[in-house]
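For reference, the structure discussed in these notes is given below.
Please treat every number below as a calculation from the coordinates, not as lab data. Quantities reported herein were computed from a predicted structural model and do not represent experimental measurements. Virtual Cβ from ideal backbone geometry, glycine too; neighbours counted across all protein chains shown.
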Amino acid sequence: AAAAASILPCSRIMRRKGGQRPMMDMPGRRFGRLVVVSHAVSTCRRTMWNCRCDCGQIRVVRGTDLRTSGTTSCGCANRDASSAANTTHGRTSSRTYKVWLSMRQRCDGSTPLSKKNYSDRGITVCGRWQQFENFIEDMGEAPEGLTLDRKNNSRGYCKANCRWVDAKRQARNRRGNRIITAFGESKVMAEWAEDPRCAVGADALGARIRKGIHPEVAITTP
């Protein structure tokens, strides 16, 4: 096994019979989980190789697929990835798992609502978060009373764009909220109404803004 796993220099060449183009000496070279064992019968002028996978299976693979990393296992790598994605280690009843599952369902485009609000807008779940274990590693357990929120509603779900927030903060981060810019700051209406500089309530402030009054005047005028 150790000898089979050793890597031979790429410069070694095997000469084909009849003056055909030389063929690389591949036996012993490793490509992902595959180790080339011997030359197989070539078809349609494609060079084929017998390869042993780390799991013990033998598979015939085209040389081009090996060299371009198009094939790196007998198929067990995909099976392992699928199994890992579906393994939750008994956490299916936890609140964090339900948050993760809901996030993925929102982006899968399986319903008209998810298609319109997420998939059609390019809102997706990053590849790393397709596995629950990676999600919980990046975000931790879902804190009680907080929900998963995207900082930028035009971007998808990933560690850099997500945070745990309370319902009030998430409501203010909705796509339909109007952003008001004043004094060099940009906030939603409700946030400006709570600002110490604001002399009126949220309803009055909103009415002023809708009338076209300059935001700084609308905020500071009693």
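Between R197 and S93, what is the label-point separation in nm under the 7 Å Cα-to-beta-carbon projection?
5.3
Calculate the spin-label point distance for R67 paired with T181, positioning each point 7 Å from the Cα along the beta-carbon direction, and give it in nanometres.
5.4
For K151, give me every one of the lysines with a C-alpha distance below 27 angstrom, ignoring sequence neighbours fewer than eight places off in its own chain.
Filter leaves K98, K115, K116, K159, K168, K187.
Using Cα centres only, tell me the gap between segment 180-195 and segment 131-153 in whole Å.
27
Quick check: pseudo-label points 7 Å beyond the Cα along Cα→Cβ at V37 and R59, how many nm apart are they?
1.4
Only Cα pairs under 8 Å and at least 6 apart count here; give the relative contact order of segment 99-213 as a rounded whole percent.
15
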